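Enquirer: I have a structure I would like to understand better, so I am pasting it below and will then ask my questions one at a time.
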Amino acid sequence: MAISLARGSIHLEKPVYISSYSSTAGKKEGSGPMGECFDRIETDSHFGQKTWEQAESRMQQETVYRAMEKISLTADDIDIILAGDLINQCTSSTYSIRPFGIPFLGLFGACSTMAESLITGALCLISGAAKRAVCVTSSHFSTAERQFRFPLSYGGQRPPTAQWTCTASGAAVLDMQTKNAPAIEGACIGKITDLGVCDANNMGAAMAPAAADTLTRWFEATGTSPMNYDAVVTGDLGLFGGQLFLELMMKQGYEVHPVYHDCGVMMFDMDRQDVHAGGSGCGCGGSLLCGHFLPLVQRGVIRRMLFIATGALMSPMLVQQGESIPSVAHLVEIVSGEVDENA
């Protein structure tokens, strides 16, 4: 059963376990400081396909297969799959999931999609609607750039606030039987936040207020503070957005900095790799959650963490018309289960 603590804040009476997880990254991401944490690094950005969109679908599909194979599951063992990406109509996910024959919910939360899928999947399980679910998301530099900004051959100058869309994917299998695994205990569903940022090359500034709003609401609903968590992780605020987020939280009376991590900052070497303000994209937070943070929770290095995936819900057409960028941030509370000392 899920208990509402406050508007949008949820506590699960029984934990939903993340029994398996997998991550995939492209060559640039694999060459960064987090390269060793991914299950697979693909040096061919086309993933053996003819188009960038087919490449992203293939990457996501392989990530799902790998997550299931780790615990000897097939598509027949999965009751529902929840997937999303950045591309119009979530086409990367639609074509990725097509061969599985699994009941499918397509989700769009931009870069917040990994947390959105985990929340939705957990609620499906806790309600009894499903016994096992897969949550997956992905992004690809080449598919996102030509949809949201410029053709790849344009070669325009990127401002310092711009972030690099990660070619990466993360997938997680949820159930309520596996005890020796990271567990979802709570969540906070984000609200649309829009402070008038119109620059598509400054998504961190657009998303930071949403992340601060969601985390503040969670602290107020649960009576907790940063000191109750080993890690507070945002999906992809980047250098500038992350700093703004910390400042906004400080104004609310919460010093998050000692336990704060941003996947967009972690993904790349800012001095060696030309990514300006860091990484972004659905696959940024999804791949590092599944490749880096969940293994730390599995081993008990992190006992309790908050994963806050942030999404700029922008439409290229509306941005070109001068509209601002609405954003959302969804929060998932993940705790260490019965730790396997041999893990």
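The values are calculated or read from the model by the stated rules, or taken from the named source; none is laboratory data. Just so it is clear, the structure is predicted and the values come from calculations on it, not from any experiment. Virtual Cβ from ideal backbone geometry, glycine too; neighbours counted across all protein chains shown.
Enquirer: Examine region 187-206 for a residue that is at pLDDT 95 or above, assigned by TED's automatic domain parsing to the domain that holds Gln252, buried (at least 22 other Cβ atoms within 10 Å of the Cβ) and more than 17 Å from Thr113 (Cβ to Cβ), and state whether such a residue exists.
Expert: Among the residues of region 187-206, not one is at pLDDT 95 or above, assigned by TED's automatic domain parsing to the domain that holds Gln252, buried (at least 22 other Cβ atoms within 10 Å of the Cβ) and more than 17 Å from Thr113 (Cβ to Cβ), which makes the answer no.
Enquirer: Out of region 95-114, which residues are more than 20 Å from Phe141 (Cβ to Cβ) and either surrounded by 24 or more Cβ atoms within 10 Å (Cβ to Cβ) or not aliphatic (A, V, I, L, M) (or both)?
Expert: Ile97, Arg98, Pro99, Phe100, Gly101, Pro103, Phe104, Gly106
Enquirer: Being in contact (Cβ under 8 Å) with a residue 12 or more places away in the chain and touching a Leu at 6+ places or on another chain (Cβ under 9 Å) is the filter here; which residues of region 249-258 pass it?
Expert: Met249, Gln252, Tyr254, Glu255, Val256
Enquirer: How many of the residues making up region 267-299 are assigned to a helix (DSSP H, G or I) and either more than 20 Å from Ala144 (Cα to Cα) or of a type in the set (Lys, Arg) (or both)?
Expert: Within region 267-299, residues that are assigned to a helix (DSSP H, G or I) and either more than 20 Å from Ala144 (Cα to Cα) or of a type in the set (Lys, Arg) (or both) number 10.
Enquirer: Hey, Cys90 hits all of (1) part of a helix (DSSP H, G or I); (2) out of contact with any strand residue (DSSP E or B) (no Cβ under 6 Å at 6 or more places or on another chain); (3) among the hydrophobic types (A, V, I, L, M, F, W, C) but one; which does it fall short on?
Expert: (2)
Enquirer: Show the residue pairs that are 6+ apart or on different chains and have beta-carbon atoms under 6 Å apart, the first residue being within region 308-323 and touching a residue at least 40 places away in the same chain (Cβ under 8 Å) and surrounded by 13 or more Cβ atoms within 10 Å (Cβ to Cβ), the second being part of a loop (DSSP other than H, G, I, E, B) and among the β-branched types (Val, Ile, Thr).
Expert: Final answer for the pair search is Ala312/Ile325; Met314/Ile325.
Enquirer: Now, a different point. Which residues, taken from region 126-141, are at pLDDT 95 or above and surrounded by fewer than 24 Cβ atoms within 10 Å (Cβ to Cβ)?
Expert: Ile126, Ser127, Gly128, Ala129, Ala130, Lys131, Arg132
Enquirer: Is there a residue in region 320-329 that is closer than 20 Å to Ser19 by Cα, in a loop (DSSP other than H, G, I, E, B) and modelled with pLDDT of 85 or more?
Expert: No; the residues of region 320-329 include none that is closer than 20 Å to Ser19 by Cα, in a loop (DSSP other than H, G, I, E, B) and modelled with pLDDT of 85 or more.
Enquirer: Can you name the residue in region 250-276 that is within 19 Å of Ala312 (Cβ to Cβ) and either more than 18 Å from the chain's Cα centre (by Cα) or of a type in the set (Lys, Arg) (or both) and, of all such residues, is surrounded by the most Cβ atoms within 10 Å (Cβ to Cβ)?
Expert: Per the criteria, the residue is Val275.
Enquirer: Hey, can you tell me all the residues within region 1-31 that are in contact with a strand residue (DSSP E or B) (Cβ under 8 Å, 6 or more places away or on another chain), more than 19 Å from Thr63 (Cα to Cα) and of a type in the set (A, V, I, L, M, F, W, C)?
Expert: Met1, Ala2, Ile3, Leu5, Ile10, Leu12, Val16
Enquirer: Just give me the residues in region 115-138 being in a helix (DSSP H, G or I) and either in contact with a helix residue (DSSP H, G or I) (Cβ under 6 Å, 6 or more places away or on another chain) or under 29 Å from Ala25 (Cα atoms) (or both), in sequence order.
Expert: At the first step, the residues of region 115-138 found to be in a helix (DSSP H, G or I) are 115-126.
Once the filter is applied, which keeps residues that are in a helix (DSSP H, G or I) and either in contact with a helix residue (DSSP H, G or I) (Cβ under 6 Å, 6 or more places away or on another chain) or under 29 Å from Ala25 (Cα atoms) (or both), region 115-138 yields Ala115, Glu116, Ser117, Leu118, Ile119, Thr120, Gly121, Ala122, Leu123, Cys124, Leu125.
Enquirer: In addition: Let me spell it out: the conditions are (1) buried (at least 22 other Cβ atoms within 10 Å of the Cβ); (2) not β-branched (Val, Ile, Thr); (3) not in a helix (DSSP H, G or I), and Gly48 meets all of them except one. Which number is the exception?
Expert: So the condition that Gly48 fails would be (1).
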